[in-house]
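**Q** Can you read through this structure? Questions will come right after.
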Amino acid sequence: VRLVGSEMCIRDRFLTVLALKQRDKIWQENRNLLLKNLKLLREYFQNSELFEWYEPKGSSICYPKYLGKEPITEVAEKIYKEAGILLLPCDIFDQTNNHFRASFGRSYMPEALKAFEKYFKKKISSN
């Protein structure tokens, strides 16, 4: 009889030990990614007339405020349909202040920001 749970436990322990041995490298790579992505977001949102920037205080999530006329919920629906970008508007979190949640802990964040920027440049030029 094979005990799958025991095998998984041994494998999990092995992977944990392996990760702990590389913790400084893993931590530094993740920190560098976060700092690079945060810099890109900060530069974009601080220089945009459509958004208000709020610097995160210790996480890889930020909550910029959309300053446009329509509610962020409508913007989130449009940007998803037109550009395939998923935004989490503030009303998902029972708030009504036109903020949205953005995570910057992923390696593809620069490409996502470019698509986001392209969408809003098009939106501004059409108005």
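**Q** Here are some pairs, Lys65/Lys122; Lys25/Lys65; Lys25/Lys78; Lys25/Lys81; which of them have Cα atoms lying more than 29 Å apart in this structure?
**A** Lys25/Lys65; Lys25/Lys78; Lys25/Lys81
**Q** Per residue, how many Å² of accessible area does segment 31-127 show with a 1.4 Å probe?
**A** 66
**Q** Right, something else. For segment 2-86, which trypsin sites (Lys or Arg not before Pro) are in a loop by DSSP, counting at most 12 other Cβ atoms within 10 Å?
**A** Sites meeting the loop and neighbour criteria: Arg2, Lys57, Lys69.
**Q** With the full set of protein chains in place, find how many percent of the accessible area of the chain is carbon and sulfur; take the probe as 1.4 Å.
**A** Using a 1.4 Å probe with all protein chains present, the chain comes out at 55 percent carbon and sulfur.
**Q** Size of the dipole of the chain about the Cα centre, Lys and Arg at +1 and Asp and Glu at -1 on the beta carbon, nothing else charged, in debye to 20?
**A** Dipole size: approximately 540 debye.
**Q** Taking the chain as a Gaussian network, Cα atoms linked when under 10 Å apart, which of Ala83, Ala102, Ala19 shows the biggest mean-square fluctuation?
**A** Ala19
**Q** Which one, Ser107, Ile61, Leu38, is farthest towards the positive end of the dipole of the chain when Lys and Arg carry +1 and Asp and Glu -1 on their Cβ?
**A** Highest projection toward the positive end goes to Ser107.
**Q** Moving to a separate point now. Could you compute how fast segment 35-107 diffuses translationally, taking Rh as the Kirkwood radius over C-alpha pairs and applying Stokes-Einstein at 10 °C with viscosity 1.306 mPa s? Give it in µm² per second.
**A** Diffusion coefficient, whole number: 125 µm²/s.
**Q** Work out the FRET efficiency for Ile10 and Ser126 from their Cβ-Cβ distance, taking R0 = 41 Å, and round it to the nearest 0.05.
**A** 0.10
**Q** Take the Cα coordinates of the chain, assign each an equal point scatterer, and use the Debye formula without solvent to give log10 I(q)/I(0) at q = 0.09, 0.15, 0.16 Å⁻¹.
**A** For the requested q values the scattering log ratios are -0.38, -0.77, -0.83.
**Q** Please identify, among Leu40, Leu15, Leu67, the residue showing maximal mean-square fluctuation in a Gaussian network model of the chain using a 10 angstrom Cα cutoff.
**A** Leu15
**Q** Taking 8 Å as the Cα distance limit and 6 or more residues as the minimum spacing, I'd like the relative contact order of the chain as a percentage.
**A** Reported as a whole number, the value is 21 percent.
**Q** Rounded to the nearest 500, what is the chain's calculated 222 nm mean residue ellipticity when only DSSP H runs of at least 4 contribute -39500 (n - 2.57) each, over all residues?
**A** Calculated mean residue ellipticity at 222 nm is -19000 deg cm²/dmol.
**Q** Within segment 84-120, what residues put their amide N at less than 12 Å from the label point 7 Å along the Cα-to-Cβ vector of Leu50?
**A** Label zone hits: 114-120.
**Q** Still on this structure, please answer the following. Using the crude model of +1 on Lys and Arg Cβ and -1 on Asp and Glu Cβ, and no other charge, please compute the dipole size for segment 17-66 relative to its Cα centre, in debye to 20.
**A** For this selection, approximately 340 debye.
**Q** Something else: Of Gly58, Gly68, Gly84, which is the most mobile in a GNM of the chain whose springs link Cα atoms less than 10 angstrom apart?
**A** Result: Gly58 has the largest fluctuation of those listed.
The values are calculated or read from the model by the stated rules, or taken from the named source; none is laboratory data. Quick caveat, the model's predicted, so the values are computed rather than measured. Glycine also receives a Cβ, built like all others from the backbone with ideal geometry; neighbour counts cover every protein chain displayed. Surface accessibility is based on the protein's heavy atoms, side chains included, excluding ligands, DNA and RNA. Shrake-Rupley method; radii C 1.70, N 1.55, O 1.52, S 1.80 Å.
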